[in-house]
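Undergrad: Here's a structure for you.
What follows draws every value from the coordinates through simple rules; no lab data is involved. Remember, predicted model here, so these are calculated numbers, not experimental data. We place every Cβ from the backbone using ideal geometry, glycine too, and count neighbours over all the protein chains shown.
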Amino acid sequence: MTAAPTEAADSTGDWTIRRIIEWTTGFLERHDSESPRLDAELMLAHVLECRRIQLYTNYADLPTADQRQHMRELVRRRALREPVSYLVGHREFFGLDFHLTSDVLIPRPETESLVLEAIEAARIQPGPACIAEVGVGSGCISIALATNLPNATVTGTEISSAALNVAMQNAVKHGVKDRVLLLEGSCFDPIPADRRFHIIVSNPPYVTDAEYASLQPEIRLHEPRVALTAGEDGLDVIRVLVRDAPKWLQSGGHLMLELDPAQAAATQALMTDDVWEDVRAVRDLNGQERIVCGRLR
């Protein structure tokens, strides 16, 4: 690998914040980063424990030797396609900052469409909304809902104890641990038998086994496979949710699922007329049919 900035400082001059950003951007471009400048800024801001905007106001500052060493290690790992969100340990979602580890999926902007749909449905409830999320991961969906719906309660399930620990940390961080109940187990298994919900949301695994091999290295090599793949057609978990959600919904309650746009039609077909009504696909910010919603008859 090409020398990192701090290794060449003696022969090429001082490594200011500006120079480190410029060098790192070029280096990551050559290592197939899709957003090299942003990656460089996020990593350096993390190393310097400052906001990104402060990099520009302090362009001429000289990071310490320890800070340059830390940055060099992050750049090395990023060049090996480790996601920046894992390197810096957090990611913004729905205007909130979430602690992350490689035990959970990195929140995507597309998932914000699921949160928006759930908020809209919750706000038309005659009383406080009772919401469930299957597969909470980092907790970003449940916590975004609890934060934006101050009278709502959210029950989340998660099969991974390590992921559940991350979600619990985020619930504490955002001050909603008293309204977000997090339970360990598969799908609806850990939910008390007498609980019923106005809304059930999920961003379940939906990548097909065949597609998994072609995913970007950032995803395939670093994000948890258990949270990504769901059988030959990617619908294994979605089938379970469509089948079992009616047992946990109040009459007229909503099921909202994030999925691959190519699965929208198949998922709508699973939601048969004798159980569901108002079945529809919702487009995300990119115009893709990312969410499928249905209301229990």
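Undergrad: Answer yes if at least one residue in region 118-133 is among the charged types (D, E, K, R), touching a residue at least 24 places away in the same chain (Cβ under 8 Å) and over 16 Å from VAL166 (Cβ atoms), and no otherwise.
TA: Yes, because at least one residue in region 118-133 is among the charged types (D, E, K, R), touching a residue at least 24 places away in the same chain (Cβ under 8 Å) and over 16 Å from VAL166 (Cβ atoms).
Undergrad: I'd like to verify a number: residues in region 73-92 that are surrounded by fewer than 18 Cβ atoms within 10 Å (Cβ to Cβ), out of contact with any His (no Cβ under 9 Å at 6 or more places or on another chain) and in a helix (DSSP H, G or I), how many?
TA: Selection size over region 73-92: 3.
Undergrad: Checking HIS174 against (1) within 19 Å of the chain's Cα centre (by Cα); (2) under 16 Å from ALA118 (Cβ atoms): exactly one of these is not met. Which one?
TA: Here HIS174 meets the rest and fails (2).
Undergrad: Let me ask something else. What residue, among those in region 28-51 that are of a type in the set (D, E, K, R) and part of a loop (DSSP other than H, G, I, E, B), is surrounded by the most Cβ atoms within 10 Å (Cβ to Cβ)?
TA: Result: ASP32.
Undergrad: Has region 139-155 got at least one residue that is surrounded by 18 or more Cβ atoms within 10 Å (Cβ to Cβ), in contact with a Phe, Trp or Tyr (Cβ under 6 Å, 6 or more places away or on another chain) and farther than 12 Å from LEU183 by Cα?
TA: Within region 139-155, one or more residues are surrounded by 18 or more Cβ atoms within 10 Å (Cβ to Cβ), in contact with a Phe, Trp or Tyr (Cβ under 6 Å, 6 or more places away or on another chain) and farther than 12 Å from LEU183 by Cα.
Undergrad: Would you call THR157 among the hydroxyl-bearing types (Ser, Thr, Tyr), touching a residue at least 12 places away in the same chain (Cβ under 8 Å), part of a strand (DSSP E or B) and out of contact with any Lys or Arg (no Cβ under 8 Å at 6 or more places or on another chain)?
TA: Criteria met by THR157.
Undergrad: Could you check region 262-297 and list, in sequence order, the residues that are more than 15 Å from SER113 (Cβ to Cβ) and touching a His at 6+ places or on another chain (Cβ under 8 Å)?
TA: GLY294, ARG295, LEU296
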